[in-house]
Amino acid sequence: MRKYWIGAFTAIALVALLLPSSQLFAPRSGEESARKSESFAVKREQTLKLNTLQNDMNATALLCTTECSRDFHKLMSAGSSSRKDSEQSVEHMMHEHHHMRFISWINGKHSVERGEIPTSANSDIAHQYVKTAKLQVIKGAKFESPSFDDKDGNRYMVLGIPDAKHAGIGVVGVINQNVIKSVEAHQKRNLRLIPYPAEGNYKIESVKPNSTIDTTVRTGEDNGNASHYHIRDAVVHFARRPNDRELQQIKRDIDAVSVQQIGDTYVFRSKKLETDKMLQYFRQKWNPEYAEPHYLYLTNETETNEEIVPNDALYSEYQWNLPSIEAEKGWKVSKGDEQVIVAVLDTGVQSNHPDLKGKLLDGINLVDEDNDPDDDVGHGTHVAGIIGAAVNNGEGVAGVSWYNKIMPVKVLDSSGAGSTYTVAQGIIWAVDHGAKVINMSLGNYAEADFLHDAIKYAYEHDVVMIAASGNDNTDRPGYPAAYPEVFAVAATDSNKEKASFSNYGDYIDVAAPGDSIASTYPGSQYAALSGTSMASPHVAALAGLIRSVNPDLTNEEVMELMRSSAIDLGEDGKDNYFGHGEIDVNKALQAASGYGNALQTFPDQVRRRLDNIVHRYQ
């Protein structure tokens, strides 16, 4: 069942796609035909993305219900010798799980209730559902209410779980399901169903990629051909670093309100000059190596064939993704090594999530350096769980890696966006603090020399960088994924087909699961999200496992190993949709464990680098 747990939702989308297909065969001519064809393609993509959004919301609701049911069973199996023990057990559960608003443990003379039943928006339906749930539980039947909102717009459902061993005993709870609303809002941005970031946020403008030519983003679809930059910022890399007197002169000339610096590269923010004027000023007066807009980046053992099936509560039913990439077989070769650190450049990570306990290192918040890198969006916690949620702990989900440590580097703020300066700073910080792999589930369509310099720094320090290709179903190269030093990842679904939203192109290295992926989420909860942002951490975790089983491999050798061991999908050989294919954890780790020296991949390295040079100057 685990590979097809969202199949019922997908069927609805297929019907929606097939019904209008007869229009494709109607005769049309010239410009009108092209316009209608383009309009149809946009509507089709919109339909697919809306279906993906609904799948993620439905799947998250299932995860929430399943995890709460498990917790209720756990509460009952713990037993109780006194009413005081019952009270302490319920209070502890509600303290650990803040989304449990009300719990009633029906347990004879030791029965206890804690919390409050919310006042529903239109009627006293919440109390009615609780009453019905109690009656059903006493009869030995499970109860799940429909979702309902309270007067403040918070979403809830009532869940009743009977004790399978003892008649008349069970637990009834009122569960806050705002996580579903959070997933909806997050995925509307992540899948570009709405304009994002909105004009006006960050004082930014939307532009055609690699330019300052204005374009208007009215719909999510328009994001596929737009980049965004700070309207009064300029990134300048000087051929010769200015001295203090020259820097003061620059500040006066542009009326600077702030200056940030990494090496010979500066980010200037002006009080009055917009980016075009600033770039013109620097190019004419200072002859820099480059001057560019400050683009915004968005949230992007022994050999055996036996399989290891984790006991994590949500694994067997919901995590189709890990068996799909042969993780269960690969774990017999390596489960990872605590010395190999995977940095997650993202929105931060919930530091006290029970399924990430012991997996997180101290990181940094580069958005606000006075605070810890906590996740105020959800994206980074979800990415971190895909990489390394604790395995075989009976909790929630399983990560791809059992033992690799995760380093949270917060470079995206509460809206899920961050600047090239912050991302570049995050890369350099991660490298300098021991990261061997960096995951970047973020990006945009503009090349930024400033960011590329940081990427080159990481590459030269032997770090494997993995990045998501994007979610606009376009072949326009997304950055940082399309940089030659970065390993670009597209997304597949549970049928090993291209995920409908996934970007594609000749820069794609491999594909990985990215459709309704179950993982950790803030509030010590779990959610299902879709996107190449979810595909990328599968590959980052694999890179961490490879570096664990064979630490002598260079970053280029690790990347070549992941390409050569991938399972070919689509057209024979490398193609634009899957790159070299979907990753295969077992094949990659088997190959890595047998690597004797770097000469084995030398021909592939030379070919790859020559291809990159040719591609860059075409």
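Structure summary
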| item | result |
| --- | --- |
| Accessible area, probe 1.4 Å, largest first, for residues TRP286, TRP402, TRP320 | TRP286, TRP402, TRP320 |
| Hz values of 3J(HN,Hα) by residue in the stretch 519-529 - Karplus curve (6.51, -1.76, 1.60), Gly and Pro given as x | 7, 5, 8, x, x, 6, 10, 9, 9, 10, 10 |
| Note, ³J(HN,Hα) from phi for the stretch 137-149, Karplus 6.51, -1.76, 1.60, rounded to Hz, x at Gly and Pro | 5, 4, 7, x, 10, 7, 9, 10, 7, x, 6, 8, 10 |
| Rounded to the nearest 10 Å², the accessible area of HIS433 at probe 1.4 Å | 100 Å² |
| Percent carbon-and-sulfur accessible area, the stretch 414-525, ignoring ligands, DNA and RNA, probe 1.4 Å | 40 percent |
| Under the Karplus curve 6.51 cos²θ - 1.76 cosθ + 1.60, θ = phi - 60°, whole-Hz ³J(HN,Hα) for the stretch 277-294, x wherever Gly or Pro sits | 5, 5, 4, 4, 4, 5, 5, 7, 9, 10, 6, x, 5, 7, 9, 8, x, 8 |
| Long-range HN-HN contacts of THR119 with modeled amide H, under 5 Å | LYS151 |
| Formal net charge of residues neighbouring VAL431 (Cβ-Cβ distance under 13 Å; K, R +1; D, E -1) | -3 |
| Cα-based equivalent ellipsoid, the stretch 105-147: semi-axes from gyration tensor eigenvalues, Å | 21, 14, 7 |
| Distance histogram for the stretch 247-396 (every C-alpha pair counted, 5 angstrom bins, percent rounded to whole numbers) | 2, 7, 12, 14, 12, 10, 9, 8, 7, 7, 6, 5, 2, 0 |
| Members of LYS251/LYS271; LYS74/LYS165; LYS405/LYS498; LYS332/LYS357 lying beyond 19 Å, as alpha-carbon distances in this model show | LYS405/LYS498; LYS332/LYS357 |
| FRET efficiency, SER414 to LEU135 (Cβ-Cβ, R0 35 Å, nearest 0.05) | 0.20 |
| Square roots of 5 times each gyration tensor eigenvalue, C-alpha, the stretch 398-442, largest first, Å | 21, 15, 7 |
| Angstrom value of the Kirkwood radius, inverse mean 1/r, which spans all Cα pairs in the stretch 81-125 | 11.5 Å |
| For the stretch 439-554: rounded, prolate or oblate by the Cα gyration tensor [a/c cutoff 1.5] | oblate |
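The values are calculated or read from the model by the stated rules, or taken from the named source; none is laboratory data. It should be emphasised that the depicted structure is a prediction, and the values quoted were computed from it without experimental measurement. All Cβ positions, even for glycine, are placed from backbone atoms using ideal geometry, and neighbour counts span all protein chains on display. Areas reflect the complete protein model, heavy atoms only, side chains present, ligands, DNA and RNA absent. Shrake-Rupley method; radii C 1.70, N 1.55, O 1.52, S 1.80 Å.
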